[in-house]
Amino acid sequence: MIGYTATAPRRNGPRRSKKPAGARSEGADGSTQAEPQGPEPVGVVLAGGRSLRMGKDKALLELGGEPLVALAARRLARIVQEVVIADAGRSYLETWPSISDGPGAGPVAGLLGAAARFPGRCLLALACDLPNVTHELLALLRDETSFDWVVPEGPRGLEPLCARYGPRALACLESRVAMGRFELWSLAEEPGLRIRRLSGLALGSTLPSEQLFANLNRPGDLPST
């Protein structure tokens, strides 16, 4: 466990959002609105992977002198009041609670573990290996309260490791895991879910999408020092 001390969380970004250019919404009935989903989401750092391609636990790799898992937690703590670390119960950080995996494998297990800890709550997920995701994008995701799943979309397709999951989306994931389907991106195929995809200017960043969602999977992905 890392004895990491965080400063008090600070809010960043607007509390209310308008539908920006580049945002697309979908619903089985053609509607674009759903009932607001209660309190603000719980921030979930996804850090339970085995890091096979990296060859070492990438959650503990340092960037600018700080572990990736702590960087992700600190960004979320500026946006929401509650933050947990979905690290398969490894207790990487003292400052934020550690969450054991739920059913399934990979990121979906971390999400379902957090969903079991906070039943009925929305989750704002951020993988620890996405160091370029901005506070502005996280704030936009936080404030999208009328959809079951709010997910960015870049050149590689959907980016489900930086997304807002509502209770209905999480329930769909649990049902899919029971059928042996662990991937997150195909949640977009679920009928009846109200989904908003954010792309282009709607991402609230001046960074190109490929840079915004650049993840660290292999040693060569790490910035040179």
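The values are calculated or read from the model by the stated rules, or taken from the named source; none is laboratory data. This structure is a prediction, so every number in the text was calculated from the model and none was measured. Cβ coordinates were reconstructed from backbone atoms using ideal geometry, including for glycine residues, and neighbour counts include every protein chain displayed.
Here are some notes:
- Boolean, Ala171 is under 19 Å from Ala127 (Cα atoms) and modelled with pLDDT of 95 or more: no
- Of all residues making up the stretch 169-184, the number that are within 22 Å of Leu76 (Cα to Cα) and assigned to a helix (DSSP H, G or I): 2
Every residue, every condition in (1) over 17 Å from the mean Cα position of the chain (by Cα); (2) in contact (Cβ under 8 Å) with a residue 24 or more places away in the chain; (3) at positive phi, yes or no:
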position	(1), (2), (3)
Leu60	yes, yes, no
Leu63	yes, yes, no
Leu68	no, yes, no
Gln81	no, yes, no
Val84	no, yes, no
Ser98	no, no, no
Gly113	no, yes, no
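- Any hit, the stretch 134-149, residues being within 19 Å of Val108 (Cβ to Cβ), surrounded by 19 or more Cβ atoms within 10 Å (Cβ to Cβ), touching a helix residue (DSSP H, G or I) at 6+ places or on another chain (Cβ under 6 Å) and modelled with pLDDT of 90 or more: yes
- Within the stretch 60-86, tally of residues that are in a helix (DSSP H, G or I) and at pLDDT 80 or above: 10
- Checking each residue in the stretch 114-137 for being within 12 Å of Val45 (Cα to Cα) and part of a helix (DSSP H, G or I) picks out only Ala114.
- Flag for Gly43 being at pLDDT below 80 and either assigned to a loop (DSSP other than H, G, I, E, B) or not aliphatic (A, V, I, L, M) (or both): no
- Residue match in the stretch 125-132 (condition: touching a Ser or Thr at 6+ places or on another chain (Cβ under 6 Å), surrounded by fewer than 22 Cβ atoms within 10 Å (Cβ to Cβ) and modelled with pLDDT under 95): no
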